[in-house]
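Visitor: If you scroll down you'll find the structure; I have some questions about it.
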Amino acid sequence: QPGDAHPPADAVPAAEITRPAAPESPRRVVITGAGTGIGAAIAARFHGGGDHVVLLDRDAEAVAARAAELGEGAQAIPCDVTRDEEIADAFARIGAVDVLVNNAAIADPFTPGLEQDFAALDRTLSVNLTGAFACAQAAIPAMTAGRGVIVNLGSIAGLVPMAPRHPYGASKAGIDILTRCLAAELGPMGLRTATVAPGYIRTPGVAALEADGRVDTAQIRRRIPMGDLGRPEDIAEAVFFVASPAASYVNGTLLSVDGGWNAFG
Ligand code: NDP
């Protein structure tokens, strides 16, 4: 029925749930925005676990350099997730997909949301939300029932209002419901989804802002019960777990990885 979030009753298997089997061959893992930061750490984690990783990024040079650092079993494909023809080309080249990690995102921490023009508002939503949606649409037909997983990167900013960062926060709150809608729809096909929502993570980009004093991490640290920012590897480990057969009954959920910030409020 329209508005009914639950899968239709006749689509739900009556007997055994199709749980992902432990993969016998390396999984093919596609990570968007993998040229730097958390995306690069996610690619390294899966690659280190024996998977074949495909690194997508709009920055062709960065993504080629990351793939070259990883070596065999890592492939770079330039892809801007706001361009549907680039997404189609990339997924046509990739073939079968076991795990899609929608990581690419942008954030403008300096212009208050209410002062952003239409183009700026639209850009944030387009990369962070529409881009993730479009990559999921491209990946789903390439996934095998009982094996495919989509992991979307959310944010503490999608859980706790951080005005004036409205566009970014709204895009990340949208990611949560996208993950849940996809879980409802894809569960009967044996495909799973999850959101991993980082807190403040010391990526190279954040470290640069911290170093030149444009981000006050002392103030941020006071909001984190564990007292410090996270590392890209903390997020990569959580993404690796929710995508693994060990998490075979985890579906549609959001995992905060933020040192307790979301719990603290
Ligand atoms: P970064 O900005 O460091 O890296 C994001 C990567 O995505 C960059 O390589 C960027 O390229 C690329 N990218 C941007 N737009 C596009 C696009 N249209 N198509 C393809 N690639 C694109 O981000 P982080 O590593 O910090 O964050 C990764 C994820 O984690 C994001 O979803 C973010 O929202 C989330 N997150 C991060 C937090 C943090 O503290 N770092 C906190 C909460 C959530 P370019 O360099 O050219 O822009």
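Visitor: Just checking: which of the helices (runs of 4 or more DSSP H) contained wholly in the stretch 27-97 hold 3 or more residues that are under 17 Å from the mean Cα position of the chain (by Cα) and near the ligand (Cβ under 9 Å from one of its atoms)?
Guide: Counting at least 3 such residues, we get 37-48.
Let's see how each residue does on (1) at pLDDT below 95; (2) surrounded by 15 or more Cβ atoms within 10 Å (Cβ to Cβ); (3) in a loop (DSSP other than H, G, I, E, B); (4) among the charged types (D, E, K, R):
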site: Ala208; (1), (2), (3), (4): yes, no, no, no
site: Ile220; (1), (2), (3), (4): yes, yes, no, no
site: Ile224; (1), (2), (3), (4): no, yes, yes, no
site: Asp228; (1), (2), (3), (4): no, no, yes, yes
site: Ala236; (1), (2), (3), (4): no, yes, no, no
site: Ser256; (1), (2), (3), (4): no, yes, no, no
site: Gly259; (1), (2), (3), (4): no, yes, yes, no
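Visitor: Taking the stretch 60-75 as the search range and keeping residues that are in contact with a strand residue (DSSP E or B) (Cβ under 8 Å, 6 or more places away or on another chain) and either charged (D, E, K, R) or touching a residue at least 40 places away in the same chain (Cβ under 8 Å) (or both), which one is farthest from Ala41 (Cα to Cα)?
Guide: Gly73
Visitor: Let me ask another. Take the conditions in a helix (DSSP H, G or I), in contact (Cβ under 8 Å) with a residue 24 or more places away in the chain, near the ligand (Cβ under 8 Å from one of its atoms) and of a type outside the set (Gly, Ala, Ser) and apply them to Val127. Does it pass?
Guide: Here the answer is yes, as Val127 does meet what is asked.
Visitor: Could you tell me which residue of the stretch 144-159 is farthest from the ligand (Cβ to nearest atom), considering only residues that are buried (at least 17 other Cβ atoms within 10 Å of the Cβ) and part of a loop (DSSP other than H, G, I, E, B)?
Guide: Arg147
Visitor: Based on what the data block shows, is Pro141 surrounded by fewer than 23 Cβ atoms within 10 Å (Cβ to Cβ) and under 30 Å from Ala120 (Cα atoms)?
Guide: When the stated conditions are applied, Pro141 does not pass them.
Visitor: Another question about this same structure. Pull out all pairs, ordered by first then second residue, where Cβ-Cβ is under 9 Å, the residues are six or more apart or on different chains, the first lies in the stretch 215-235 and is within 21 Å of Asp108 (Cβ to Cβ) and of a type in the set (Val, Ile, Thr), and the second is at pLDDT 95 or above and surrounded by fewer than 16 Cβ atoms within 10 Å (Cβ to Cβ).
Guide: Note: pairs meeting the criteria are Thr217/Asp228.
Visitor: One residue is enough: does the stretch 189-201 have a residue meeting the conditions part of a helix (DSSP H, G or I), within 12 Å of the ligand (Cβ to nearest atom), modelled with pLDDT of 95 or more and under 20 Å from Gly39 (Cα atoms)?
Guide: So far as the stretch 189-201 goes, no, none of its residues is part of a helix (DSSP H, G or I), within 12 Å of the ligand (Cβ to nearest atom), modelled with pLDDT of 95 or more and under 20 Å from Gly39 (Cα atoms).
Visitor: Could you check the stretch 143-174 and list, in sequence order, the residues that are touching a Lys or Arg at 6+ places or on another chain (Cβ under 9 Å) and under 10 Å from Asp98 (Cα atoms)?
Guide: Within the stretch 143-174, Gly146, Arg147, Gly148, Val149, Ile150 meet the criteria.
Visitor: Take Ala104 and tell me if it is within 14 Å of the ligand (Cβ to nearest atom), surrounded by 13 or more Cβ atoms within 10 Å (Cβ to Cβ) and assigned to a helix (DSSP H, G or I).
Guide: It is false that Ala104 is within 14 Å of the ligand (Cβ to nearest atom), surrounded by 13 or more Cβ atoms within 10 Å (Cβ to Cβ) and assigned to a helix (DSSP H, G or I).
The values are calculated or read from the model by the stated rules, or taken from the named source; none is laboratory data. This is a predicted model, so every value here is computed, not measured. Here Cβ is always computed from backbone atoms with ideal geometry, including for glycine, and neighbour counts include all displayed protein chains.
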